[in-house]
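The values are calculated or read from the model by the stated rules, or taken from the named source; none is laboratory data. Keep in mind that what you see is a predicted model, and the values were worked out from it rather than measured. Note: ideal-geometry Cβ built from the backbone for every residue, glycine included; neighbour counts use all protein chains shown. Each accessible area value is taken on the protein alone, full model and side chains, heavy atoms only, with ligands, DNA and RNA left out. Shrake-Rupley method; radii C 1.70, N 1.55, O 1.52, S 1.80 Å.
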Amino acid sequence: MDSILVRGGGALNGVIPIAGAKNACLTLMPATLLTTEPLTLTNAPRLSDILTMTQLLGSLGAEVASLQGGQVLAMSSHDIHNHTADYDIVRKMRASILVLGPMLARDGHAIVSLPGGCAIGARPVDLHLRALEAMGADLDLRDGYVHAKAPGGRLKGAVVEFPFVSVGATENALLAATLAKGTTVLKNAAREPEIVDLAQCLQRMGAQIDGIGTSTLTIQGVDRLGGATHPVVTDRIELGTYMLAPAICGGEVELLGGRMDLVGAFCEKLDEAGVSVEETPRGLKVKRRGDRVKAVNVVTEPFPGFPTDLQAQMMALLCTADGVSVLEERIFENRFMHAPELLRMGAKIDVHGGTATVTGVQKLKGARVMATDLRASISLILAGLAAEGETVVSRVYHLDRGYERVEEKLGACGAHIERIAS
Ligand code: EPZ
């Protein structure tokens with residue numbers, strides 16, 4: 001297992017290109033199952049999770065050609081000969097559950113392994129299943145798999161009201177509804193930019209969707225969808241992550257492709273902490289206003305609130321802030337596993353249930369730390385950039401799931417960072 005060595009040092013200055021969104025690409029790729037015509041995604045990120053989804057779709061019979069170094073995914077699901085998403089692939093990546101809705105909508109049957117939990121929480125899929133049942137699916141859960149059938153081979157439109165916001169359940173239901181017979185209304189739907197991106201791609205394929213970007217989506221099912229070429233939206237979580245690099249180290253960094261509308265709540269918090277974000281013709285330019293950020297309080301919420309996927313990274317910044325910050329994690333039940341690792345670096349953090357109280361220190365100290373999940377891993381790298389001495393982050397396979405070429409991107413801005421092959 002590789003590690004990453006970071007030597008804390010001075011300010012970071014330069015330019016970082018932001019890739020296409022992992023969490024958009026992972027829901028766009030299963031859309032290929034809804035058509036027999038080619039679906040091509042451009043601006044795709046080069047990440048291990050994308051390779052896992054490629055492997056899963058391939059196991060079903062889809063063809064996924066990775067072109068231009070992985071930035072273009074040319075997909076064709078002309079011949080789907082297998083309708084079982086196997087546990088060995090699904091267990092590696094929870095987003096695999098997103099093939100259930102499209103497979104059911106395409107051919108009226110599917111067998112998909114339940115994804116199981118992960119480090120940050122139990123992460124059940126009950127909302128996904130209830131939505132598909134509302135659309136007429138017969139679901140039988142046995143042997144750790146969902147055995148799904150649509151009576152008569154086709155789902156039917158339904159009104160689905162989610163008891164709370166779920167990104168994945170909204171995506172599965174939206175994908176399925178495009179080919180259902182009749183109208184589907186999704187109430188209390190997630191509004192994340194990745195869902196807007198999916199809806200826009202589905203529209204390009206011929207889907208009829210109203211209410212995009214709102215919490216109520218209305219989908220008029222059609223008999224078939226065509227192919228399309230669609231650019232994956234910018235990754236707002238990678239964007240927010242790298243915006244924190246100059247905030248924690250000092251200096252000025254321009255994030256190419258950054259869009260303020262993707263990170264509104266996050267930018268408000270940065271401004272409150274004393275970090276300026278300026279829109280430029282190429283993206284967003286970020287600079288800390290003083291020598292040290294100010295403490296701020298953070299509550300994670302569904303979009304457009306503060307993203308849970310930036311909570312760990314923000315905690316790393318607040319470990320060096322002037323004052324006491326309170327972070328409340330309201331989306332996942334166990335998403336503070338970066339805290340004990342940050343404590344090893346001299347941070348002062350008290351965790352009680354879903355609330356972490358961070359008392360800022362002048363300087364963190366480099367240490368050997370361990371990545372526990374994707375966003376925790378990058379938060380430790382951010383902390384290491386600002387710490388005195390060397391930090392070695394182990395188990396960086398977590399990192400490679402969601403961040404492409406981290407050493408290259410941060411190194412180009414003057415960071416002392418290198419990968420140590422195991
Ligand atoms: C998506 O996960 C993202 N993953 C997550 O990003 C992100 O943290 C999350 O949305 C919230 O924004 C992808 O898009 C691939 P949810 P998802 O359904 O869809 C509970 C990252 O770091 N829930 O919105 O799984 C669930 O346990 C990853 O890139 C149910 O109880 O998130 C959680 O507590 C991490 N039953 C809450 O709802 C369900 O059926 C929100 O989950 C579904 C979810």
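Any idea of the accessible area per residue across the chain, 1.4 Å probe, to the nearest Å²?
37
As a test, work out the antiparallel percent of DSSP beta bridges whose residues both lie in the chain, rounded to the nearest 5.
Percent antiparallel among DSSP bridges in the chain is about 70.
Around residue 318, what is the net charge, scoring Lys/Arg as +1 and Asp/Glu as -1 over all other residues with Cβ under 12 Å from its Cβ?
After counting each charged neighbour, the total is +2.
Express the carbon and sulfur contribution to the solvent-accessible surface of the chain as a percent, rounded to the nearest whole number, probe 1.4 angstrom. All intermediate terms of the calculation are to be shown ahead of the outcome.
Numbers: 7720 of 15660 Å².
The computed percentage sits at 49.
Return the long-range amide H neighbours of residue 157 (sequence gap of 5 or more, or a different chain), with a cut-off of under 5 Å between placed amide H atoms.
181, 182, 183
Please express the shape of segment 97-152 as an equivalent ellipsoid: the semi-axes are the square roots of 5 times the eigenvalues of the C-alpha gyration tensor, given largest first in whole angstrom. Mind dumping the intermediate values first?
On the way: eigenvalues 84, 23, 19 Å².
The three semi-axes for segment 97-152 are 21, 11, 10 Å.
Relative to a virtual label point 7 Å from the Cα of residue 368 in the Cα→beta-carbon direction, which members of segment 1-31 show backbone nitrogen distances below 18 Å?
1-8
Can you tell me how segment 15-142 classifies by the Cα gyration tensor, rounded, prolate or oblate, using a/c under 1.5 as the rounded cut?
Verdict is oblate for segment 15-142.
From the backbone phi of segment 257-267, what are the Karplus-calculated ³J(HN,Hα) couplings (6.51 cos²θ - 1.76 cosθ + 1.60, θ = phi - 60°) in whole Hz, Gly and Pro given as x?
Rounded to whole hertz, the list is x, x, 10, 4, 5, 7, 9, x, 5, 5, 5.
Can you give the convex hull volume per residue for the Cα atoms of segment 266-422, as a whole number of Å³?
Spread over its residues, the Cα hull of segment 266-422 gives 119 Å³ apiece.
Subtract the Cα-Cα distance of residue 361 and residue 79 from 0.36 nm times their separation in residues, and report this length gain in nm to one decimal.
Result for the pair: 95.7 nm of gain on full extension.
So who's got an amide H within less than 5 Å of the one on residue 15, skipping anything under 5 residues away but keeping other chains? H placed 1.01 Å off N, in plane.
When sequence neighbours closer than 5 places are left aside, the close amide H contacts are 254.
Defining a contact as two alpha carbons under 8 Å apart and six or more residues distant in sequence, what relative contact order in percent does the chain show?
Numbers: 1067 pairs, mean separation 88.4, N = 422.
Reported relative contact order: 21 percent.
Output wanted: per-residue J couplings in Hz (rounded whole) for segment 307-313, from phi through Karplus 6.51 cos²θ - 1.76 cosθ + 1.60, θ = phi - 60°, x for Gly and Pro.
Using θ = phi - 60°, the values come out as x, 4, 6, 10, 5, 5, 5 Hz.
Could you tally the net charge around residue 221, taking each other residue with its Cβ under 14 Å from the Cβ of residue 221, Lys/Arg +1 and Asp/Glu -1?
Numbers: positive: 106, 154, 156, 181, 224; negative: 210, 223.
Spelling it out: positives minus negatives among the neighbours equals +3.
From the P(r) of segment 375-422, could you give the percentage of C-alpha pairs in the tail past 17 Å?
That tail contains 27 percent of the Cα-Cα pairs.
Quick one: net charge around residue 6, please, counting Lys, Arg +1 and Asp, Glu -1 for every other residue with C-beta under 9 Å from its C-beta.
After counting each charged neighbour, the total is -1.
Given a cut-off of under 8 Å on Cα pairs at least six residues apart, what relative contact order in percent is computed for segment 342-422?
Values: 103 pairs, mean separation 19.5, N = 81.
That works out to 24 percent.
What is the Cα convex hull volume of the chain when expressed per residue in Å³?
Here the figure is 123 Å³ per residue.
Name the lysines eligible as straight-distance cross-link partners of residue 348: C-alpha to C-alpha under 16 Å, and not fewer than 8 places from it in the same chain.
In chain and number order, the partners are 294, 363, 365.
Is the shape of segment 124-183 best called rounded, prolate or oblate, per the rule: a/c under 1.5 gives rounded, else a/b larger than b/c gives prolate, else oblate, with a ≥ b ≥ c the square roots of the Cα gyration tensor eigenvalues? Display every interim value, and only then the final one.
Numbers: a/c = 1.99, a/b = 1.03, b/c = 1.93.
Oblate is the answer for segment 124-183, as a/c is 1.5 or above yet b/c matches or exceeds a/b.
Sequence gap at least 6, Cα distance under 8 Å: using those rules, report the relative contact order of segment 235-363 to the nearest whole percent. Don't jump to the answer; show the numbers that get you there.
Numbers: 245 pairs, mean separation 27.1, N = 129.
After rounding, I find 21 percent.
Working from the pairwise distances between different alpha carbons, so that the mean of 1/r is found and then inverted, what is segment 137-293's Kirkwood radius in Å?
18.1
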